[in-house]
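The values are calculated or read from the model by the stated rules, or taken from the named source; none is laboratory data. Source: prediction; values computed, not measured. Here the Cβ positions follow ideal geometry from the backbone for every residue, glycine too, while neighbour counts run over all protein chains shown. These area figures cover heavy atoms from the full protein model, side chains too; ligands, DNA and RNA do not enter into them. Shrake-Rupley method; radii C 1.70, N 1.55, O 1.52, S 1.80 Å.
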Amino acid sequence: MDIEHIHAGEDPAKIVAALQHDGAVIVEDFLDADLLGRFNAEVDPLMDRTPRGGSAMFSDFFNWFYGPQTRTITGLAGKSRVFATEILTHPIYRAVCDEVLLPSCACYRLNVAQLLDRGPGSPDQLLHRDEAVWPHLPQPHADVQVASVLALVDFTAENGATRVAPGSHQWDRERAAEPSDIVAAEMPAGSAVIYLGSTIHGGGANTTTHTTRQGMHVSYCLGWLHTEENQYLATPIDVVRTLPRESQALLGYAIHDALSVGGGYLGAVELQDPVELLASGEL
Ligand SMILES: [Fe+2]
C-alpha cells in the first residue's frame, strides 16, 4: 500500500476519500511558494534561537520521544501571525475536518501546532497513533482527530520523512507495524501529509550529516475533547484579540453548542459565548 499524492487544487472530496481509505494522504502545494516563503521567513529566526534536545519537556519520556537532535517550537498560534491567520484556517484543513470530525461534534478545534526540526543523527521515532493521548476512548470509535505534518523543506527518506503505515487506521489495535508496512512520506517543501489520529506513523531517522528536516505538526480534534496543547494559555489573550473570528473559534473560544442534537453547551463564560465576548470587547 502506498500514500496517494493529490494536488491541493484538486477537489477536497478526493483528498478526504484517500484519507479515509488509506488513513493518510499527501497534498502537494498545500502551502504555495509565497505562503511557504512568508511562513519560513517568520519562524526561521525563532528556530535559530531554539536549542536542540529536550529542554522544554516535563517528562523524560517525551524528551526521548521527541529526540535529542530535535528543536521544537510549540504554541504556534501565539508566535506566528501567518500560522494563526492563514494556515490554521486553511481551506483544505477545513474541508477535511468538516467531513471527518463534524459528524461527531458541534465544532472542532486546534489540538496542537508545533514546529519540529529533526537534525542530522535523529533516530527513528517510536511508531505511534496520535490519538493515543486519549487512551480512555472506547474501541472502536469514530474519528476524533485529523493530524498532519507539513514539509517546510523537501522531505526525503534520508532526512527523516514521516514514516506511515497506510491502512493501519483499520487494523486490529494489537497489530504492530512491520518494516514492510511502512512508507516514507517523501514530498517537496510546501506539501503536507494528512493522516487520521488512528494511523500508525512516526518521524524517520535523519541519516544525513548536514540537512535538518524542518516540518510542522498540526492537528485538530473534536471540540469536546481536551487538547494536547492548552491553546488558551499558549496563545496570549492580547494576540487572540487581534485574530479573525474563525481563528479564535478554532483556538477553542467558540462555545461548543450541541443543543440541536439534544446536548448542551461547553465552554461558556458568564453564560456567554467567548467568541462573542471577544467581538464585543468584553474579553
Ligand atoms: Fe505523531
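Data for the structure
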item: Computed over the chain: relative contact order in percent, which uses C-alpha pairs under 8 Å that are six or more apart; result: 24 percent
item: Most to least packed among 10-21, 256-267, 112-123 [average Cβ atoms within 10 Å]; result: 112-123, 10-21, 256-267
item: Alpha-carbon spread of the chain, three principal axes, descending order, Å; result: 54, 43, 41
item: ASP238, ASP32, reordered so the largest accessible area comes first (probe 1.4 Å); result: ASP238, ASP32
item: Relative frequency of Cα-Cα separations exceeding 21 Å in the range 198-279, percent; result: 46 percent
item: Three-way shape call for the range 65-209 based on the alpha-carbon gyration tensor, with the a/c threshold at 1.5; result: oblate
item: GluC sites (Glu not before Pro) within the range 138-245, DSSP loop, no more than 11 other Cβ atoms inside 10 Å; result: GLU174
item: Coil-residue trypsin sites (Lys or Arg not before Pro) of the range 148-182, DSSP, other Cβ within 10 Å capped at 14; result: ARG173, ARG175
item: Cα gyration tensor, the range 124-258 - rounded (a/c under 1.5), prolate or oblate; result: oblate
item: Mean separation of Cα contacts under 8 Å, 6 or more apart, over the residue count of the range 42-143: relative contact order %; result: 31 percent
item: C-alpha center-to-center spacing [the range 224-260, the range 77-92] in angstrom; result: 13 Å
